[in-house]
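One structure is given below, encoded as structure tokens.
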Amino acid sequence: MKNTIAERIQDFLKQFPPFEKFQKEDLLEVAKQIRVLYVENKEYIFRQEEPCHDEFYIVREGAIGLYRGGAEDANLVDVCDVGDMFGLRIMIIKKNYRMSARADEESIVYAIPAKVFDPFIQKNTEVNRFLLETFASHARNYYTENEEGQKVDNTISLEAAKDLSSLRSVSYRKKPVTCSIDDTVQDIARKMAKYRVSCIIAVSSEMYPLGMVTDRDLRVKIATGEFPIHASVGEIMTSPVVTYAKSLTIVEAQIALIKNEIGYLCITKDGTRNSKLIGILTDHDLVVSFGNNPSVLIKETKRVKQIKQLRYIRQQTEKLLEQYLEQNISTIHILNIISEINDAVITRVIDLAIQEMSVPPPVQFGFLVLGSQGRREQLLLTDQDNAIVFEDVAEKDYEATQHYFMVLATEITKGLHSVGFEYCPAEMMASNPRWCMSLSKWEEQFESWMTKPSEEGTLLSSIFFDFHHLYGDPTLADRLSDVVFEGVNKSNRFLSLLGVSALDKPSPLGFFKQFLVEQNGEHKDSFDIKTRAMMVLIDAARILGLYYNLKNVNNTILRYEKLATLEPNNKELFESCGKAFRVLIKFRTKQGLIHQDSGRFIQLNQLSKADKLRLKRCFKPIRDIQELLKHRFHLNAYM
């Protein structure tokens, strides 16, 4: 007889990984043995330290929060949405639960018996890998960023692992710095300092490698007084050197460094010491060969000497982003990692731009990033939004000083464009004289926006007040923050006008709860997830952040977390807004990666029913936060 409930469960499961990899018959067999649970809001499915159940879970409808800590001080670790799995300890280590699972709203959850699922893990490596990654992502706690961030930083990526398995050849440095064994230690120390290397190779007249002197040799043998500074290289060098041919693979290099307990390998023409030296491989080069590890990418940006190399690093970052999304790493963690890499890339672009200038900056300055980058929410490469603030100078020197920084800014924005950051169509960039000013002129600008608000001023404030100091003197940016909060404290009228702007955003849903799409233009019939959903949440968090003088808290998710602690009576609403924003930003990023664009405009006919339901649930807190703004700032009087 036809089992319609099992078939419905089967239809649901096949939309989500890893179930889409199952044979139809296998999935139906699993579906037949699933328990369907209705969970009321705030009801626990399991609690921390409880022995793990004989089944794990997948969310059918609603949202399940994973919490760490006791009932009174529980910290939200992650939110499981439609199609997300949790309670996987039974499948991995079968120990007591490390977190509690509690419904954040009325939910329907499928409980899948471990003994039914286990055979599929054994025979399907992709299913096995997916479960491990999902388990690992829930095991991380983004409230302890440093500890958990380091875990991810030090993880070799799956792609790197594939590279290892394919025995890819390593990239080594060509044209190593060399010397003669008769050179003095002082000579080679100067040479090493000049070329900024940590190792120099002593070679014969035929360029055969004879020995090696490293930074460590200089510390241990010279700085201690064991040898005088005028000693010859031949007296202190390590010899013989370990040599390999250029076809050396990553695995071979790794083994060679470990086996010989050294940090350098000489690459010679035929792999022996009796042939010409053609390169050198360091342990750092090997780490770089592991690919898109975030800590490696950040370190590499500091060594880059050409913009095109930064473009490569940013491309690797996008692969890293895809991988994190696939592994369901927490949103705040992804934002932190990608923002750190973006910051490192921009910082290096500024360094290189300053090197191109004929003279150093005439006074101290600060480079600010604005908008989504200022909020550290820019996962995909979008437009540049930036500004420069420089120290006050005498009136007679102002024009020349501003000209210098505009030339510098033009070089920076050109470099950022080469990396992949598009130019801002509205020219909201530091190369524009309006966005490249002295501290006192910026102060006047901010005060003008706040005391004489106009439509343009309100729009610009919403972008400029999310600034983040990235380079140069941080005290200049601090002073601008003070100006903003001083202005807010004098009058709430400015916040009211910002609130009107937040209420003025087009609604995501129509009267019959249908998606509202663009009616005209290039994106006709597509859904604008940025303007109709995300911007309201961003605006509301900013306005309430200003209301509470939340200095140095620019990120939307962090703002809502802080607001939840400041207003316990509205804690549920703020947490809902934060959760909705997490889902929306991930959703938009995935769409952007799929279509290789900003992800802003979504073709609804390409979404699954589950995705549409997931989106609609995010819209629920938008109306509530708009109502809060309306009452808090008496916005009816302005509308």
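The values are calculated or read from the model by the stated rules, or taken from the named source; none is laboratory data. Every value quoted in this text rests on a predicted model; they were computed, and no experiment measured them. Using ideal geometry, Cβ is built from the backbone for each residue, glycine included, and neighbour counts are taken over all protein chains shown. Note: accessible area is taken over every heavy atom of the protein model, side chains too, but ligands, DNA and RNA are not part of it. Shrake-Rupley method; radii C 1.70, N 1.55, O 1.52, S 1.80 Å.
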Could you please report the charge total around Q626, scoring K, R as +1 and D, E as -1 over all other residues with beta-carbon less than 13 angstrom from its beta-carbon? +2
Calculate the radius of gyration of the Cα atoms of the stretch 311-458 to one decimal place, then report Dmax, the largest Cα-Cα distance, as a whole number, both in Å. 17.0, 57
Based solely on C-alpha atoms, express the radius of gyration and the Dmax of the stretch 449-600 in angstrom. 16.9, 53
Which residues in the stretch 209-223 have a backbone N closer than 19 Å to a point placed 7 Å from the Cα of S180 along the Cα-to-Cβ line? 209-213
Can you give the FRET efficiency for I262 and V553, using 1/(1 + (r/R0)^6), R0 = 56 Å, r = Cβ-Cβ distance, to the nearest 0.05? 0.75
If you stretched the chain out fully between E444 and E422, how much longer would it get, using 0.36 nm times the residue separation minus the C-alpha to C-alpha distance? 5.0 nm
Please list, by residue number, every one of the GluC sites (Glu not before Pro) in the stretch 520-583 that is coil in DSSP and has at most 13 other beta-carbon atoms within 10 Å. E522
What percent does the relative contact order of the chain come to when contacts are Cα pairs within less than 8 Å and at least six residues apart? 8
How much length is gained on full extension from S171 to I5, taking 0.36 nm per residue of separation minus their Cα-Cα distance? 54.1 nm
Charge tally for neighbours of R434 with beta carbon under 12 Å away, counting Lys, Arg as +1 and Asp, Glu as -1, is -1
Pick out the long, greasy-scoring helices in the chain: whole DSSP H runs spanning 24 Å or more along their own axis by Cα, mean Kyte-Doolittle at least -0.5. 331-356, 395-419, 474-490, 571-595
As an exercise, identify the trypsin sites (Lys or Arg not before Pro) in the stretch 16-79 lying in DSSP coil whose Cβ has no more than 14 other Cβ atoms within 10 Å. K42
Under the classification rounded if a/c is under 1.5, otherwise prolate if a/b is larger than b/c and oblate if not, where does the stretch 263-380 fall, given a ≥ b ≥ c as square roots of the Cα gyration tensor eigenvalues? oblate
List the lysines whose alpha-carbon lies under 23 Å from that of K302, not counting same-chain residues fewer than 8 positions away? K151, K174, K175, K191, K194, K319, K414
Over the chain, with the other protein chains present, what is the accessible area per residue in square angstrom, probe 1.4 angstrom? 48
What shape does the stretch 69-132 take by its C-alpha gyration tensor, where a ≥ b ≥ c are the square roots of the eigenvalues and a/c under 1.5 counts as rounded, a/b above b/c as prolate, and the rest as oblate? prolate
For the full complex of protein chains and a 1.4 angstrom probe, list Y97, Y548, Y312 by accessible area with the highest value first. Y312, Y548, Y97
Förster-model FRET efficiency, 35 Å R0, S204 and E356, C-beta, rounded to 0.05: 0.30
Spatially proximal aspartates and glutamates relative to K530 (Cα-Cα < 12 Å; intrachain offsets below 8 disregarded): D539
For the chain, the percent of accessible surface on carbon and sulfur atoms (probe 1.4 angstrom, ligands and nucleic acids excluded) is 49
Once normalised by the length of the stretch 189-277, the mean sequence separation of its alpha carbon contacts under 8 Å that are 6 or more apart gives a contact order in percent of 28
Over the heavy atoms of K414, what accessible area does a 1.4 Å probe trace out, to the nearest 10 Å²? 110
Mind running the shape call on the chain? Use the C-alpha gyration tensor, a ≥ b ≥ c as the square roots of the eigenvalues: rounded below 1.5 for a/c, prolate if a/b tops b/c, oblate otherwise. oblate
Cα point-scatterer Debye curve for the stretch 1-134, base-10 log of I(q)/I(0) at q = 0.09, 0.14, 0.18, 0.20 Å⁻¹: -0.25, -0.61, -1.00, -1.21
Counting only DSSP loop positions in the stretch 199-263, the GluC sites (Glu not before Pro) whose Cβ has at most 16 other Cβ atoms within 10 Å are E206, E226, E261
Not counting ligands, DNA or RNA, and with a 1.4 Å probe, what is H595's accessible surface area in Å² rounded to the nearest 10? 80
With every protein chain kept in place and a 1.4 Å probe, the residues Y44, Y398, Y560 fall, from largest accessible area down, as Y44, Y398, Y560
Enumerate the aspartates and glutamates that K551 could reach by cross-link, defined here as Cα to Cα under 15 Å, with residues fewer than 8 away along the same chain left out. D466, D478, D482, E486, E561
Between Q23 and D597, what's the calculated FRET efficiency when r is the beta-carbon distance and R0 is 45 Å? Round to 0.05. 0.80
Can you give the Rg/Rh ratio of the stretch 518-571, where Rg is from the C-alpha atoms and Rh is the Kirkwood radius? 1.18
Once you have the Kirkwood Rh of the stretch 175-268 from its Cα pairs, apply Stokes-Einstein at 37 °C and 0.692 mPa s and quote D in µm²/s. 238
Computed curve, the stretch 388-429, Cα-only Debye sum without solvent term, log₁₀ I(q)/I(0) at 0.18 Å⁻¹, is -0.59
